[in-house]
Protein chains: 2
Amino acid sequence: MSDTRPRREQILDSASRLFSERGYHATSMRDLAGELGMQGGSLYAHITGKEELLVEIVSHASRQFDEALFPLRALDMGAEEKLREAMHRHIRVVADNMDSATVFFHEWKHLSPQAYAHVVTWRDTIDRFYRDLVQEGIEEGAFRATLDPRMTAHLILSAVNWAYTWYRPGGPMTPRDVADQYADMLLSGLGVRAGQEGT
Amino acid sequence: MSDTRPRREQILDSASRLFSERGYHATSMRDLAGELGMQGGSLYAHITGKEELLVEIVSHASRQFDEALFPLRALDMGAEEKLREAMHRHIRVVADNMDSATVFFHEWKHLSPQAYAHVVTWRDTIDRFYRDLVQEGIEEGAFRATLDPRMTAHLILSAVNWAYTWYRPGGPMTPRDVADQYADMLLSGLGVRAGQEGT
DNA sequence: CCTACCGATCGGTAGG
DNA sequence: CCTACCGATCGGTAGG
C-alpha cells in the first residue's frame, strides 16, 4: 500500500554510483545512507542487506542488455546492418547505465555463488548472440568465410563493452556515432588494401 | 644484506592473485598471510602497508606494457606490421600477467590520489602510442585516410585490453594467435565487400 | 616471524 | 526513519 518504490530506486541509484566509483566493499552502508540523508540502520527498512543491492544492480544491467539485443534475433535484416544495430544498442545500454555497467563488469565477482552462476550463464548467452550473428553473416555471404565466429564475437564484445571505460555521456559523440564508427572500421577494415587477406 | 627479495616477490604474487580473484578491499592481510603460511602481523616485516602492495602490482603491470610497446616507436616497420606487432606484445603482456592485469584494470581506483594520477597519465600515454601509430599509418598510405585516430585507438585498445576477461593461458591459443586473428580482422575487415566505405 | 593487542569500522539488529 | 548497540573483522603495532 505504502509507496516504497521511489525510495528503493533512490537507494539503488546511489548504490550504483558509489559502487562504481569506490567499489562494492569500499562502500559502507553508512556512506550510502549519508548520500540519502539518513542513518545507516535506516536503510534496512527498505532493503534486506547489502548484497541485495549488488544483485539488483547487476540483474538490472543484464536485463537492459537482454531487452536491447535479443529482439534483434527475429528481425529480417542483412548481417552487416544487424551487426551495426546490435553494436548501437549495446553501446547505448552502456552509455545510459554507465554506473551500473561499471558495477556489472567490476563487482560481479562479489556475488553469492548462486547469483554469480547466473552472470556466468548470462555471459555465455550474450557470447552466443554475437557468434550466431557472425555465423549468419558468413552463411548469407556478407562476412568473410574465413572468420572464426568465436574470435569475431570476442572482438565485437571487446569494442562495445570496453566503452564503459572511456565513453562520457553528454560528450560530443552519441552512442550511435560510436557504433557507426566502430561498425565502419570492423566491417571495412582499417587498411587501404582491404579485400585481400591478412598480411 | 639479508635476502628479503624472494619473500617480497612471493607476497606480491599472492597479493596479485587474491586481489584479482576477490578484489583489493575484500582481501584481508590475514587472507594474504595465510596463503604464505604466516600470521597477519608478520607481513609487516616485509612491507610497509597494504596499499604498497597495490601500488607495486599496478606499477609493475604498467611497466610491462611500457617495455613491450614503446621500443616499437623507433622501429622502421610498415604501419600494418607495426600494429600487428604492437597488438601481439600488448596481448602477451596481458596473457603473461593475467592476475596483475586484472588488478590493474579493476583496482586502480583504490590507489591514493598521487598513484591514481600516475595511472591516469599512463593511460594517456598508451592512448597516444596507438593514436600515433594510426596517424603514421594514414600518412604512409597504409590506413584509410577517413579514420579517426582517436576512435581507432579506442577500438584497438578495446580488443587487446578486454582479453583479460576471457583469455586463458595454457589454452589452445597463444597470444600471437589471438593478435594475428584480431589484426587480420581489423586490417581487412569482416565484410566481403571490404574496399568500399561504410554502409 | 609470532603473540597479543590496539582503535576503528564494518553489516546488521532491537526497540521505539 | 532514529538511537543505541551487537559481535566480527579490519589494518597495523609493540615487544620479543
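The values are calculated or read from the model by the stated rules, or taken from the named source; none is laboratory data. Because the structure is predicted, anything quoted here is derived from the model rather than measured. Here the Cβ is made from the backbone with ideal geometry for all residues, glycine too, and neighbour counts use every protein chain on show.
Here are the numbers for the structure shown:
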quantity	calculated
A:Val93 more than 16 Å from DNA strand C (Cβ to nearest atom), among the β-branched types (Val, Ile, Thr) and surrounded by 13 or more Cβ atoms within 10 Å (Cβ to Cβ)	yes
Hey, B:Asp180 exposed (fewer than 14 other Cβ atoms within 10 Å of the Cβ) and of a type in the set (Asp, Glu) or not	no
Test: residue in the range A:64-78 that is over 30 Å from A:Ala145 (Cα atoms) and within 14 Å of another protein chain (Cβ to nearest Cβ)	no
Selection within the range A:15-41 - of a type in the set (Lys, Arg) and away from DNA strand D (no atom under 12 Å from the Cβ)	A:Arg17, A:Arg22
Residue match in the range B:113-125 (condition: in contact with a Lys or Arg (Cβ under 8 Å, 6 or more places away or on another chain), within 20 Å of A:Ser158 (Cβ to Cβ), free of Cβ contacts under 8 Å to residues at least 60 places away in the same chain and more than 7 Å from chain A (Cβ to nearest Cβ))	no
Residue in the range A:32-48 that is within 21 Å of the chain's Cα centre (by Cα) and buried (at least 18 other Cβ atoms within 10 Å of the Cβ) present	no
Inter-residue pairs, beta-carbon under 7 Å, first surrounded by 13 or more Cβ atoms within 10 Å (Cβ to Cβ) and in the range B:1-13, second acidic (Asp, Glu) and at pLDDT 65 or above, 6+ apart	B:Leu12/B:Glu56
Qualifying residue in the range A:140-147 (condition: buried (at least 19 other Cβ atoms within 10 Å of the Cβ) and in contact with a Phe, Trp or Tyr (Cβ under 6 Å, 6 or more places away or on another chain))	no
Any pair with Cβ under 9 angstrom, 6 or more apart, that starts in the range B:23-52 at a residue that is in contact (Cβ under 8 Å) with a residue 60 or more places away in the chain and more than 14 Å from every other protein chain (Cβ to nearest Cβ) and ends at one that is in a helix (DSSP H, G or I) and near DNA strand D (Cβ under 6 Å from one of its atoms)	none
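Table: residues versus (1) over 18 Å from B:Ser16 (Cβ atoms); (2) within 16 Å of DNA strand C (Cβ to nearest atom).
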{"residue": "B:Leu36", "(1), (2)": "no, yes"}
{"residue": "B:Gly41", "(1), (2)": "yes, yes"}
{"residue": "B:Ala45", "(1), (2)": "yes, yes"}
{"residue": "B:Glu51", "(1), (2)": "no, yes"}
{"residue": "B:Glu56", "(1), (2)": "no, no"}
{"residue": "B:Ala61", "(1), (2)": "no, no"}
{"residue": "B:Phe70", "(1), (2)": "yes, no"}
{"residue": "B:Arg73", "(1), (2)": "yes, no"}
{"residue": "B:Asp76", "(1), (2)": "yes, no"}
